[in-house]
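> Let me begin by handing over the structure; questions about it come next.
The values are calculated or read from the model by the stated rules, or taken from the named source; none is laboratory data. None of these values were measured; they are calculated from a predicted model. Backbone-built Cβ (ideal geometry, glycine too); neighbour counts: all protein chains shown. Protein only, heavy atoms only, side chains kept; ligands, DNA and RNA dropped before computing areas. Shrake-Rupley method; radii C 1.70, N 1.55, O 1.52, S 1.80 Å.
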Amino acid sequence: MIVLLVFVSAKKYKSNFVYILKHYLLFFMEIIISSILINLLIGGFKDNTALSFFKDFVFSYSIYQLVLLTIFKLKDSTTTDTLSAMKKYIDTHLLHIEFERPMSPEISLNANKAYQGCRNKKHRLRWINLLKLERMYYRGLLRGDDFKFTLKKAAIEIEHESKINNFFWMNSILLRVTK
């Protein structure tokens, strides 16, 4: 399986089948390696019967998936929380601009609180850029159309990043690293 994976990865195929095959191989390789390592750590594979081996293998894979699920879901939840706050901030600005309503200072204060609580460097930079844009707009240094365009573009990127967290391949370490 490893040889096939290396061969498939080394070639630059434009085929969708090869692309999918590569990801299946990575996922199955992760399942096999993690299950064997966990089984060796907990002292499994004592009986030489196929049923016992399968039972130990399924048990260790279940443990692995529970650990990954817990870690990834907590990490992804903090990302989703940050992205939701950004999306609300952007949508609120767009709404006020569209209907020419004055912005409440509370919105900027909440955005600053969300920025201060953000631990992801990429998200902190995105918050900084959004807050800079807001200041530029309200000081008259940025046209309304440019501000709306930039906010809508940021909203599209945030929406996309938010959806990625729900994909099944996000439950695999190897697929997270390679994608």
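> Could you work out the relative contact order of segment 43-179? I mean the mean sequence separation of Cα pairs under 8 Å and 6+ apart, divided by the number of residues, in percent.
On the way: 62 pairs, mean separation 40.8, N = 137.
So the answer I get is 30 percent.
> Which entries of Lys22/Lys153; Lys122/Lys148; Lys46/Lys179; Lys87/Lys121; Lys73/Lys121 have Cα-Cα distances beyond 28 Å here?
Lys22/Lys153; Lys46/Lys179
> Right, something else. How large is the accessible surface per residue of segment 107-147, computed with a 1.4 Å probe and reported in Å² as a whole number?
Working: 2800 Å² over 41 residues.
Solvent-accessible surface per residue comes out at 68 Å².
> Please give me the summed charge of the neighbours of Glu98: other residues whose Cβ is under 14 Å from its Cβ, Lys and Arg +1, Asp and Glu -1.
Surrounding charge for Glu98 is 0.
> Once amide H atoms are placed 1.01 Å from N in the peptide plane, what residues at a sequence separation of 5 or more from Ser172, or on another chain, have their amide H within under 5 Å of its amide H?
Amide H to amide H, under 5 Å and 5 or more residues apart or across chains, Ser172 pairs with nothing.
> Turning to a different aspect of this structure: What label, among [x] 3.67; [y] 1.01; [z] 1.48, belongs to Cα Rg over 2.2 N^0.38 Å computed from the structure on display?
Only one listed value fits the structure, namely [z].
> A further question on this structure: Label points 7 Å out from Cα along the Cβ direction at Leu51 and Arg143: separation in nm?
7.6 nm
> Taking the Cβ of Met136 as the centre, find all other residues whose Cβ is under 14 Å away and add up their charges (Lys, Arg: +1; Asp, Glu: -1).
+2
> Okay, next question. Enter the Cα centre distance for the pair segment 110-146 and segment 74-104, rounded to the nearest angstrom.
Centre-to-centre distance over Cα atoms comes out at 11 Å.
> In terms of modelled amide H atoms, which long-range or inter-chain residues lie less than 5 Å from the amide H of Asn165?
Here nothing satisfies the definition.
> I'd like the trypsin sites (Lys or Arg not before Pro) in segment 22-98 restricted to DSSP loop residues with at most 14 other Cβ atoms within 10 Å, sorted by number. Mind dumping the intermediate values first?
On the way: sites: Lys22, Lys46, Lys55, Lys73, Lys75, Lys87, Lys88; in loops: Lys46.
Here the sparse-neighbourhood loop sites are Lys46.
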